[in-house]
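*Asks:* Have a look at the structure that comes next, please.
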Amino acid sequence: MNWFQSFLVSSLGQKIVMSLTGLFLTIFLIVHLVGNLQLLHDDGGQAFNLYSYFMTHNPLIKTVSYLLYTGIILHTIQGLSLWRQNRKAAGGMKRYVKTSTATSSFAGRNMAWLGILIFIFLVIHLKDFWYVMKFTSQLEMITYPGQDHEVKNLYQLVSVEFKELWVVVIYSISMVVLAFHLLHGFTSAFQTIGANHPKYMTLIKVVGKLYAFLIPIGFAIIPIIFYCCK
Amino acid sequence: MKINLKVWRQKNTNTSGKIVNYVVNEVNPDMSFLEMIDVLNGQLVRKGEDPIAFDHDCREGICGMCSMVVDGRPHGPLHGTTTCQLYMRNYKDGDTIYVEPFRAHAFPIIKDLAVNRGAFDRIIAAGGFVSVSTGQAQDANAIPVEKAVADNAMDAAACIGCGACVAACPNGSAMLFTAAKVSHLNQLPQGKAEATRRALNMVKQMDAEGFGKCSNIGACEAECPKEISIENIARLNREYIKAVFTGE
Amino acid sequence: MKLDSKIPQGPVGEKWSNYKEHAKLVNPSNKRKLEIIVVGTGLAGASAAATLAELGYKVKAFCFQDSPRRAHSIAAQGGINAAKNYKNDGDSVYRLFYDTIKGGDFRAREGNVHRLAEVSVNIIDQCVAQGVPFAREYGGLLDNRSFGGAQVSRTFYARGQTGQQLLIGAYQALERQVGLGNVKMYSRHEMLDIVKIDGKARGIIAKNLVTGELERHFGHAVLLCTGGYGNVFFLSTNAMGSNVTAAWRAHKRGAFFGNPCYTQIHPTCIPVSGDYQSKLTLMSESLRNDGRIWVPKRKEDCGKHPNDIKEEDRDYYLERKYPSYGNLCPRDIASRAAKEVCDEGRGVGKTGLAVYLDFSDAINRLGLETVKARYGELFPMYQNITGEDPLKQPMRIFPAVHYTMGGLWVDYELMTTVPGLYALGEANFSDHGANRLGASALMQGLADGYFVIPYTIGNYLSGEIFTKSIPTDHPAFAEAENNVRERINTLKNNGGKTPVDEFHKQLGKIMWEYCGMARNAEGLTKARQMIQTLKADFWNDARITGEINEFNPELDKAMRVADFLELGELMVVDALNRNESCGGHFRTEYQDNGEAKRNDDEYAYVSAWEFKGDNQEPELHKEELVYEAIQLQVRSYK
């Protein structure tokens, strides 16, 4: 093995892959949320539809999106592999007859389960929107004034979907799961790349907490607003 | 007072074990937890039963030999203490206490509560030292060391190698132990020359021993009897990244 | 047999240099062929094993703990002395030498002690280079503190964990050699016998404590670095596992035992709280730097809360009796003074067996934070054990057995009376005389291991280069192994009913009562009989549960107690023989108003006891102590 391969298979290498992909996905969440908030414009979906057109046609964004898919897959596979290794290292699933949760957070202990739930959500979410938009011709085409091309009316699909109560419930619960995953993941990612110092760790922790609450809330209010107010 | 104990009994590494119930009467609040087990063992021996095997030695919290999980927590419920520093005044009459061995794949059980922590020695042997043979040293005051650095190094060096970090970690990771040693030596000017090799070799050995991977849960820091901070783990991460990408 | 201490000729300051310049050497290719067994991995053992391996010898190291890092040297709190004179307060090698001899009440060898003082400076250099995080000042240079029995600041420290840090330094050096393949480490192994072939030590029988198997190991030389025997008292500051077995087995194979009655009772320990007590916890002597020791002037005040006793009603008895050293007088004196005031009925606490160690003056002078920082974890440790906060009310302390100055008799080269068998550190008798000064045990352990044995062992091994490794099927190995097996079987199959600890506790009580802080002929005579009876009971009635061929801590404990019982008797015999008071040995018949009364005309010798067979009278050999560099005088700390 050359030095880079041995780095990748080392425990720290594996962790750093988790950290970097995690941080990348975290940043993606902001971009995604900013886009989604366009749904709340009272313009019949114009802003959102134009945004989604831009996201699917800009060559730079397209490249980044491939990185994103790779990131998700890497983060998932590596996470599952670490989880399996760690179960073995800890001495099996049933470790102590009497277990204590006094010194570890719920999120910290359950990152893998939270991650699996998020992954399942992601499959549902991609099937609902991304798949329909990219690989089917179900969506109606609209041309907005001032635009020289047609765009897919994704907004309409969203508004139909979010009128279903069970969809709204699944989306909201998933955002709670995401919140917990971020609650641990955000600071953890910094710790893994070595960024922990008394001078700024408090800042990272505070930002991490805010991030873990605000981003999922931002995502969750959209289906809720669609369900009850639009 | 009366204490109900539920203790993990296991004949040897290759057999399976189970929880056995015991009642200890006349427990004095000024007794240490281990002294309570001494009393129980005395009773067992009188009855001709096999006493509970457990590791212990200095009984003042420094040798790192004692290794029990008390009610799911390595070294028991108190912060910053070892099992031998746990006193019965922290319990009340009629309490039920579970006592189990430190568990991890890399710490096979020898008998009852005693485990084999040889993996830690092998991690140290892989790089947890300064390669200075006896007689090679220069005058002790030849290299000044900034007080803050010396203090930080001392904080990390306070590790007693008990393994509570591993037993506490849901992942069975030995990162806090390894990080404490790397952090102690890599910070000091005397340890700098080998910093790269140390970080790489110690992590490699840690992995080879079958310890889990740190996911920054922080249970190790919370249970560490010497209160070693996970800032040391971040430092090891930095040292390791630096070693991989800038080392020869 | 005539004892030859092999002290080199010449003035005391030149003896060690002369020795080093003329000692025989072993060339590197021969070192590879020579095997050395090191038993014990404390400061002496780990430093010796590491250093000898660095030199190229093949080393096997043994410890009974699960890792060499756990040896009891780790528990030393206060510090390590070295004549660096970094404080510019008039320290020198000579002063350290003189203080140590005087502290030992003029019962140590000049040559050894001077060598110790000389190499003390190298130890600090070596440890710093290994990364031992000694306390430093803001300028980045090493800090010092003062310690009992000295008027200079020469003690280096690492918070309250100096022993731990020094041991970890030596352990790391040892593990480095393990990693390089130069040392083979056997943890959870206990040495149970020495193998002698043609009069020389050639190996050991060790028990693998996990499997119970007996193993044979060959070595061209055997080093015993197995610490002291304070646990003969059951309650002591030693670790639970600390034992005399290796040294005692060696004694029974022909190594003389030196000054067994010299035991150090440490003045500042946490008092006993009940019968269940398994060990005593030391509060570092360094606390006496800032703490003031007192008891109430009147018996009636003893029951009061200490904070309610007015300043004028307190008797700061050490400051009163020893104005020039005050609270920093040597350990034996401080301990005896505490016993005296408690005997007068002025002891405090539930049992009346305690005195106060008070930090309120220091807190007023330096501030709470400084005092807390200076003593690190000692205060929380005290509070955890007793449930009282020493920053709010004075600590209660009482003397407890701490260190044994006696040990296997060794010559200047650290060799016992068995050729090829060495004893290092606390296991030997050599450097502390009748009383050890604070912060000197760490110094001696490391001096022996890092800087003495690497030179002296060559002098012996240079004559062994033609000795091939002896196969362990040699009859001497078989004989030794059978000897051990038989002891184990006898003990295991005696059909007894009583737990081993009971016997150990009884032995401890006898020793503490009759051979502790104060001794007299009548008590000692009685004690000897009591021990003999107890020993017979033990062999008939000790119950060892479990199997021989498994992990069996009860059996291991029993083997140790069996040896303590025999050692206890020898201690009594030695104490009875020494009709004087000196250092840790205080015979009530020999005193001047409570101060120890030495008898230099008749007792300025080392008692070296030869084992003559079970239930036989041991034979006394005397090594006369010759003082050339200093004059014998009455030790005064007034």
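*Asks:* Is it fair to say residue A:146 is small (Gly, Ala, Ser) and at the interface with chain B (Cβ under 10 Å from one of its Cβ atoms)?
*Replies:* Considered against the rule, which asks whether it is small (Gly, Ala, Ser) and at the interface with chain B (Cβ under 10 Å from one of its Cβ atoms), residue A:146 comes out as no.
*Asks:* Please verify whether the range B:19-35 includes one or more residues that are over 21 Å from residue C:241 (Cα atoms), of a type in the set (A, V, I, L, M, F, W, C), surrounded by fewer than 21 Cβ atoms within 10 Å (Cβ to Cβ) and under 24 Å from the mean Cα position of the chain (by Cα).
*Replies:* Yes, the range B:19-35 has at least one match.
*Asks:* Here is a follow-up. Looking at residue B:62, is it in contact with a helix residue (DSSP H, G or I) (Cβ under 6 Å, 6 or more places away or on another chain) and buried (at least 21 other Cβ atoms within 10 Å of the Cβ)?
*Replies:* Taking the combined requirement at face value, the residue satisfies it.
*Asks:* Identify the single condition in (1) among the aliphatic types (A, V, I, L, M); (2) more than 11 Å from every other protein chain (Cβ to nearest Cβ); (3) surrounded by fewer than 18 Cβ atoms within 10 Å (Cβ to Cβ) that residue A:39 does not satisfy, given that it satisfies every other one.
*Replies:* (3)
*Asks:* Another question, if that's okay. Quick one: what pairs do we get from the range A:213-225, first residue closer than 18 Å to residue A:28 by Cα, second in a helix (DSSP H, G or I) and small (Gly, Ala, Ser), C-beta under 7 Å, 6+ apart or different chains?
*Replies:* Listed by first residue and then by second, the contacts come to A:213/A:179; A:216/A:179; A:220/A:172.
*Asks:* Please find, among B:116, B:152, B:141, the residue that is touching a Leu at 6+ places or on another chain (Cβ under 8 Å), under 28 Å from residue C:162 (Cα atoms) and not aromatic (Phe, Trp, Tyr).
*Replies:* Unique residue meeting the criteria: B:141.
*Asks:* What is the residue count in the range C:119-151 for residues that are on the phi < 0 side of the Ramachandran plot, within 14 Å of chain B (Cβ to nearest Cβ) and either of a type in the set (Asp, Glu) or not in a strand (DSSP E or B) (or both)?
*Replies:* 22
*Asks:* Contact list please: Cβ distance under 8 Å, first residue in the range A:56-79 and at pLDDT below 95 and assigned to a helix (DSSP H, G or I), second residue of a type in the set (S, T, N, Q) and surrounded by 12 or more Cβ atoms within 10 Å (Cβ to Cβ), pairs at least six apart or on different chains.
*Replies:* Close Cβ pairs (under 8 Å, with a partner that is of a type in the set (S, T, N, Q) and surrounded by 12 or more Cβ atoms within 10 Å (Cβ to Cβ)) amount to A:62/A:56.
*Asks:* I'm trying to understand the selection: among the residues of the range C:174-200, which are away from every other protein chain (no Cβ under 14 Å) and either over 30 Å from residue C:488 (Cα atoms) or in contact with a strand residue (DSSP E or B) (Cβ under 6 Å, 6 or more places away or on another chain) (or both)?
*Replies:* C:191, C:192, C:193, C:194, C:195
*Asks:* A further question follows. Would you mention how many residues in the range A:98-125 are part of a helix (DSSP H, G or I) and either in contact with an Asp or Glu (Cβ under 8 Å, 6 or more places away or on another chain) or not small (Gly, Ala, Ser) (or both)?
*Replies:* Count: 15.
*Asks:* Out of the residues in the range C:618-638 that are in contact (Cβ under 8 Å) with a residue 24 or more places away in the chain and of a type in the set (D, E, K, R), state the one that is surrounded by the fewest Cβ atoms within 10 Å (Cβ to Cβ).
*Replies:* The extreme case among them is C:638.
*Asks:* Then there's this: Select, from C:373, C:338, C:362, the only residue that is assigned to a helix (DSSP H, G or I), touching a helix residue (DSSP H, G or I) at 6+ places or on another chain (Cβ under 8 Å) and assigned by TED's automatic domain parsing to the domain that holds residue C:291.
*Replies:* Every option except C:362 fails the conditions.
*Asks:* Kindly establish whether residue C:37 is within 13 Å of chain B (Cβ to nearest Cβ) and of a type in the set (Val, Ile, Thr).
*Replies:* So residue C:37 fails the test.
*Asks:* Right, another one. Where residues in the range C:590-638 are among the basic types (Lys, Arg) and more than 20 Å from residue C:429 (Cβ to Cβ), which of them is modelled with the highest pLDDT?
*Replies:* C:597
*Asks:* Still on this structure, please answer the following. Could you grab me the full set of residues in the range C:42-99 that are in a helix (DSSP H, G or I), hydroxyl-bearing (Ser, Thr, Tyr) and more than 12 Å from chain B (Cβ to nearest Cβ)?
*Replies:* If the condition is that a residue be in a helix (DSSP H, G or I), hydroxyl-bearing (Ser, Thr, Tyr) and more than 12 Å from chain B (Cβ to nearest Cβ), then C:94, C:98 are the ones that fit.
*Asks:* Checking the structure you have, find out if any residue of the range A:23-32 is in contact with a Pro (Cβ under 6 Å, 6 or more places away or on another chain) and within 14 Å of another protein chain (Cβ to nearest Cβ).
*Replies:* So far as the range A:23-32 goes, no, none of its residues is in contact with a Pro (Cβ under 6 Å, 6 or more places away or on another chain) and within 14 Å of another protein chain (Cβ to nearest Cβ).
*Asks:* For the range B:120-137, name all the residues that are more than 7 Å from every other protein chain (Cβ to nearest Cβ) and of a type in the set (D, E, K, R).
*Replies:* B:122 - this is the single residue of the range B:120-137 that is more than 7 Å from every other protein chain (Cβ to nearest Cβ) and of a type in the set (D, E, K, R).
*Asks:* Could you count how many residues in the range B:28-87 are aromatic (Phe, Trp, Tyr), within 9 Å of another protein chain (Cβ to nearest Cβ) and under 19 Å from residue B:226 (Cβ atoms)?
*Replies:* So the answer is 1.
*Asks:* Restricting attention to the range C:413-455, which residues are away from every other protein chain (no Cβ under 14 Å), touching a helix residue (DSSP H, G or I) at 6+ places or on another chain (Cβ under 9 Å) and more than 23 Å from residue C:162 (Cβ to Cβ)?
*Replies:* Residues satisfying the conditions are C:413, C:414, C:415, C:416, C:418, C:419, C:420, C:421, C:422, C:423, C:434.
*Asks:* Looking at the range C:469-517, which of its residues are of a type in the set (Asp, Glu), under 27 Å from residue C:216 (Cα atoms) and buried (at least 18 other Cβ atoms within 10 Å of the Cβ)?
*Replies:* Correct list: C:481 only.
*Asks:* How many residues, within the range B:53-94, are basic (Lys, Arg) and in contact with a Lys or Arg (Cβ under 7 Å, 6 or more places away or on another chain)?
*Replies:* Selection size over the range B:53-94: 1.
*Asks:* Looking at the range C:218-234, I want the residues that are farther than 20 Å from residue C:501 by Cβ and without any contact (Cβ under 8 Å) to a residue 40 or more places away in the chain and have a partner that is hydrophobic (A, V, I, L, M, F, W, C) and assigned to a loop (DSSP other than H, G, I, E, B) with Cβ atoms under 8 Å, at least 6 apart or on another chain. Which pairs are those?
*Replies:* Correct list of pairs: empty, since none qualify.
*Asks:* Can you tell me which condition residue B:134 does not meet? The list is (1) of a type outside the set (Gly, Ala, Ser); (2) out of contact with any Phe, Trp or Tyr (no Cβ under 7 Å at 6 or more places or on another chain); (3) without any contact (Cβ under 8 Å) to a residue 40 or more places away in the chain; (4) crowded, with 22+ Cβ neighbours inside 10 Å, and all the others hold.
*Replies:* (2)
*Asks:* A further question on this structure: Identify, please: which residue in the range B:200-228 is polar (S, T, N, Q) and crowded, with 21+ Cβ neighbours inside 10 Å and is, among those, farthest from the other protein chains (Cβ to nearest Cβ)?
*Replies:* For the range B:200-228, the residue satisfying everything is B:205.
*Asks:* Assigned to a helix (DSSP H, G or I) and touching a His at 6+ places or on another chain (Cβ under 6 Å): does that describe residue B:148?
*Replies:* No; evaluated as a whole, the condition is false for this residue.
*Asks:* I've got another one for you. Name the pairs: first residue in the range C:293-304 and of a type in the set (D, E, K, R), second residue crowded, with 16+ Cβ neighbours inside 10 Å, Cβ to Cβ under 6 Å, at least 6 apart or on different chains?
*Replies:* C:297/C:315; C:299/C:346; C:301/C:309
*Asks:* Sort out which residues of the range C:198-244 are crowded, with 24+ Cβ neighbours inside 10 Å and of a type in the set (Val, Ile, Thr), and write them in order of number.
*Replies:* Result: C:204, C:205, C:222, C:226, C:232, C:237, C:244.
The values are calculated or read from the model by the stated rules, or taken from the named source; none is laboratory data. This one's a predicted model, so the numbers in the text were calculated from it and none came from an experiment. Note that each Cβ is placed from the backbone with ideal geometry, even for glycine, and that neighbours are counted across all protein chains shown.
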